[in-house]
Amino acid sequence: MRKALRWLLALAVLIGTLSTAGAATAAQSARPQAADIKDRLLAIPGMSLVEEKPYTGYRFFVLNYTQPVDHRHPGRGTFQQRITVLHKDTSRPTVFYTSGYNVSTTPSRREPTQITDGNQVSLEYRFFTPSRPAPADWSKLDIWQAASDQHRVYEALKPVYSANWLATGGSKGGMTATYYERFYPHDMDGTVAYVAPNDVVNKEDSAYDRFFTAVGTKECRDRVNAVQREALVRRAPLEEKYARYAADNGYTFTTIGSLDRAYEAVVLDYAWGFWQYSGLPDCDTVPAGAATATDDAIWDSVDTVSGFSAYTDQGLEQYTPYYYQAGTQLGAPTIRFPYIEDRLIRYGYQPPRNFVPRSIPMRFQPDAMRDVDSWVRRHARHTLFVYGQNDPWGAERFRVGAGTRDAYVFTAPGMNHGANVAGLVPDQKSLATARILQWAGVASPAVQADPSAAKPLARHDAKLDVTDAKGTEGVRRGPGLRP
């Protein structure tokens, strides 16, 4: 009897084991395998694939996302907004990047993405083609609508990339990241805004005038200013050259009104453009003794810095959305030229209205930048602003006030519009890097205890981490006075 009981007990154990194993196998078969990241992205309503490009260590996707033309009235039409995703791992933090202009469809990595070794989502700004509604209702191009674009993309992707998110951008992209934080302050875990202008009072621009009396060295300033003045002294012969250049390239001047207006606009951009994209080491490229330089030398220098195509219809067309925003909300700088006689200047710094087709109505909203500036000074949190010492756009900048928390404004010595965290003085560089890692949720205990231990988590990739002293985008956006 005892042997029979032992046999029955053993049989029950065996049956139980087999049943458990079978149930586990069945459960594993029923459980879906982890979906491929492309499938997860394309499962998002409104998301479609344009193309996937290979890059070692990443997946890179160019996508379209369906957005409302008007976020206040989503039922009144949609458009396709282009985004890219540089995918590392869903467990890593994600950097949300915008330039404020077109998005690049070539894989690249912004500085916070390298620091955090994270994913990167890049967004094309609304109304920059092809991310433009048709027909285009330009009244729906404003900073709140653009921030709402970002908010919807974030909400769509957050279930896929569930770790911390940081917003970043350079120049107009830095402005964009700041506006996003102002309107949707609970989306991001931190914001890193590079060289972001802040024109609070559009009609008061004396800060720029003061900047141009002190930037660089007197010798370099005098050299640059002399070439600019000489280009106006030689207006007649150089405009003849300009007319031939325009005819050869099929350029026209309908939007700005005349070749003469375009010529002066290009020349008056010269000093600004030099300091925005160049620096003291580049002074040797500026013709010495401007009064005795050849016409070709003056032309070539102005064309290299400012670009004679900038204010043609063809040069302005791509940037119509920027000039529209500058003339409706962002503001635009106006500077004086005390070293140039009044008789040589016919138009002065022209307003953005002159750079937008007259068929597009514009009305300036003076409260837009005041609102953002006030919010930043009182409420900014987990925010870093980085400026370049020699960048004219930093003359009117964002500042943090008593109501801010864990917010910083740093200036990179000797740097221009390409200023970054890597160019800060050592203590600020370490602190900035440590804060970025902390906000992203990937700061090690050593870094939390001592910011000087902070280093980028990803190795530098010469192809992916595109850097260029001429701009934060890695390539110069083109001539013309634009952030």
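Quick check: the angle from helix 295-305's long axis to the longest principal axis of the chain, C-alpha only, nearest 10 degrees?
The two axes meet at around 30 degrees.
What percent of all Cα-Cα pairs in segment 289-444 falls into each 5 Å bin, going from 0 up to the bin containing the maximum distance?
2, 7, 10, 13, 16, 15, 13, 10, 8, 4, 2, 0, 0
In debye to the nearest 20, how big a dipole does the chain give about its Cα centre with +1 on each Lys and Arg Cβ and -1 on each Asp and Glu Cβ? Intermediate values should be presented prior to the final figure.
Details: 55 positive and 51 negative charges, 421 e Å.
The calculated dipole for the chain is roughly 2020 debye.
FRET efficiency for His73 and His151, Cβ-Cβ distance as r, R0 = 22 Å, nearest 0.05? Walk me through the intermediate numbers first.
Working: r = 16 Å, r/R0 = 0.73.
In this case the efficiency is close to 0.85.
Rounded to the nearest 0.05, what FRET efficiency do Glu239 and Ser91 have when you use their Cβ-Cβ distance and R0 = 45 Å?
On the way: r = 60 Å, r/R0 = 1.34.
Taking R0 as 45 Å, the efficiency between Glu239 and Ser91 is 0.15.
Compute the Rg to Rh ratio over segment 248-294 from the alpha carbon atoms, using the Kirkwood formula for Rh, and round to two decimal places. Could you put the intermediate results ahead of the total?
Numbers: Rg = 14.2 Å, Rh = 13.1 Å.
My calculation puts Rg/Rh at 1.09.
Could you give me the radius of gyration and the Dmax of segment 220-289, taking only the C-alpha atoms into account and expressing both in angstrom?
Taking only Cα atoms of segment 220-289, I get Rg and Dmax of 13.6, 38 Å.
Given a 1.4 Å probe, how much area per residue of the chain is accessible, in Å²?
Numbers: 21260 Å² over 483 residues.
About 44 Å² of surface per residue is accessible.
Take the Cα gyration tensor of the chain, multiply each eigenvalue by 5, square-root it, and list the three semi-axes largest first, rounded to whole angstrom. It would help to have the intermediate numbers written out before the result.
On the way: eigenvalues 533, 127, 83 Å².
So the three semi-axes of the chain are 52, 25, 20 Å.
Just to verify a number: what accessible area does His460 come out at with the full protein assembly present, 1.4 Å probe, Å² rounded to tens?
120 Å²
In the structure displayed, which of Lys241/Lys463; Lys218/Lys455; Lys140/Lys463; Lys429/Lys463 lie more than 31 Å apart, Cα to Cα? Please report the intermediate quantities before stating the final value.
On the way: Lys241/Lys463 39 Å; Lys218/Lys455 37 Å; Lys140/Lys463 37 Å; Lys429/Lys463 23 Å.
Those over the limit are Lys241/Lys463; Lys218/Lys455; Lys140/Lys463.
Once ligands and nucleic acids are excluded and a 1.4 Å probe is used, how much of Tyr245 is accessible, expressed in Å² to the nearest 10?
Ignoring ligands and nucleic acids, Tyr245 comes out at about 50 Å².
Report the local net charge at Ala167: Lys and Arg +1, Asp and Glu -1, summed over other residues whose C-beta lies under 12 Å from its C-beta. Working shown, then result.
Working: positive: Arg110, Arg182; negative: Glu181, Asp187, Asp189.
Overall, the nearby charge balance is -1.
Can you give me the long-range amide H partners of Thr383? Hydrogens built in the peptide plane at 1.01 Å from N, cutoff under 5 Å, separation of 5 or more residues or another chain.
Distant-sequence amide H within range of Thr383: Thr191, Ala407, Tyr408.
For segment 325-416, state the semi-axes of the equivalent ellipsoid (square roots of 5 times the eigenvalues of the alpha-carbon gyration tensor), sorted largest first and rounded to whole angstrom.
On the way: eigenvalues 185, 88, 21 Å².
For segment 325-416, the semi-axes come out at 30, 21, 10 Å.
Taking all protein chains together and a probe of 1.4 Å, list Ser359, Ser258 from the most accessible to the least accessible.
So, going from the largest accessible area down, we get Ser359, Ser258.
7 Å from Cα along Cα→Cβ at both Lys463 and Ala449: what's the point-to-point distance in nm?
The two pseudo-label positions are separated by 4.0 nm.
Counting only the heavy atoms of the protein chains, how much of Phe211 is accessible to a 1.4 Å probe, in Å² to the nearest 10?
Roll a 1.4 Å probe over it and Phe211 shows about 30 Å².
Over the Cα atoms of segment 198-254, what Rg and Dmax result, in angstrom?
16.8, 42
Mind listing the long-range amide H neighbours of Tyr55? Cut-off is under 5 Å, sequence gap 5 or more, other chains count too, H placed in the peptide plane at 1.01 Å from N.
For Tyr55, whose amide H was placed from the backbone, the distant partners under 5 Å are Phe60.
Applying the Karplus parametrisation 6.51 cos²θ - 1.76 cosθ + 1.60 with θ = phi - 60° to the phi angles of segment 35-46, what ³J(HN,Hα) value in whole Hz is obtained for each residue in order, glycine and proline being reported as x?
6, 4, 4, 4, 5, 5, 5, 6, 7, 6, x, x
Apply the Karplus curve 6.51 cos²θ - 1.76 cosθ + 1.60, θ = phi - 60°, to the phi angles in segment 442-456 and return the couplings in whole Hz, x for Gly and Pro.
10, 6, 6, x, 5, 5, 5, 7, 8, x, 5, 7, 6, 9, x
Would you mind giving the average projected area, over all directions, of the Cα convex hull of segment 156-241 in nm² with one decimal? Provide the component values of the computation, followed by the final result.
Working: hull surface 42.0 nm².
Its average projected convex-hull area is 10.5 nm².
How far apart, in nm, are two points set 7 Å out from the Cα along the Cα-to-Cβ line at Ala214 and at Leu49?
Here the answer is 5.5 nm between the modelled labels.
If you build the Cα gyration tensor of segment 155-204 and take the root of 5 times each eigenvalue, what three semi-axes come out, in whole angstrom, biggest first?
Values: eigenvalues 134, 23, 11 Å².
Output for segment 155-204: semi-axes of 26, 11, 8 Å.
Taking 0.36 nm per intervening residue step and subtracting the Cα-Cα distance, what contour gain separates Ala291 from Arg346 on full extension?
Values: separation 55, 0.36 × 55 = 19.80 nm, distance 2.08 nm.
Separation in residues times 0.36 nm, less the Cα-Cα distance, equals 17.7 nm.
Please list, ordered by chain and number, the residues whose modelled amide H lies under 5 Å from the amide H of Val95; skip anything fewer than 5 residues away on the same chain.
Asn119, Gln120, Val121, Leu166
As a test of reading the structure, rank Arg152, Arg363 by solvent-accessible area (1.4 Å probe, protein chains only), most first. Intermediate values should be presented prior to the final figure.
Numbers: Arg152 75, Arg363 165 Å².
Descending accessible area places them as Arg363, Arg152.
Give me a comma-separated list of calculated 3J(HN,Hα) values for segment 379-395, in order, Karplus coefficients 6.51, -1.76, 1.60 applied at θ = phi - 60°, integers in Hz, x for any Gly or Pro.
Residue by residue, segment 379-395 yields 10, 4, 9, 6, 10, 10, 10, 10, 10, x, 4, 9, 9, x, 5, x, 5 Hz.
Report the antiparallel proportion of the DSSP beta bridges in the chain as a percent, rounded to a multiple of 5. Show your work: numbers first, answer last.
Numbers: 23 of 47 bridges.
Approximately 50 percent, going by the DSSP bridge assignments.
Taking the Cα atoms only, what angle lies between the long axis of helix 426-439 and the longest principal axis of the chain, rounded to 10 degrees?
40 degrees
Among residues other than Val200 whose Cβ falls under 15 Å from its Cβ, what is the net charge (Lys/Arg +1, Asp/Glu -1)?
Values: positive: Arg182, Lys203, Arg370, Arg377, Arg378, Arg397, Arg399; negative: Asp199, Glu204, Asp205, Asp367, Asp371, Asp373, Glu396.
Net charge around Val200: 0.
At 1.4 Å probe size, put Met415, Met47 in order of accessible surface, largest to smallest. Please report the intermediate quantities before stating the final value.
Working: Met415 50, Met47 20 Å².
Highest to lowest solvent-accessible surface, that is Met415, Met47.
The values are calculated or read from the model by the stated rules, or taken from the named source; none is laboratory data. Values in this document were obtained by computation on a predicted structure and should not be read as measured data. Please note: Cβ atoms are built from the backbone with ideal geometry, for glycine as well, and neighbour counts cover all protein chains shown. Accessible surface is based on the protein model in full, side chains and every heavy atom, while ligands, DNA and RNA are left aside. Shrake-Rupley method; radii C 1.70, N 1.55, O 1.52, S 1.80 Å.
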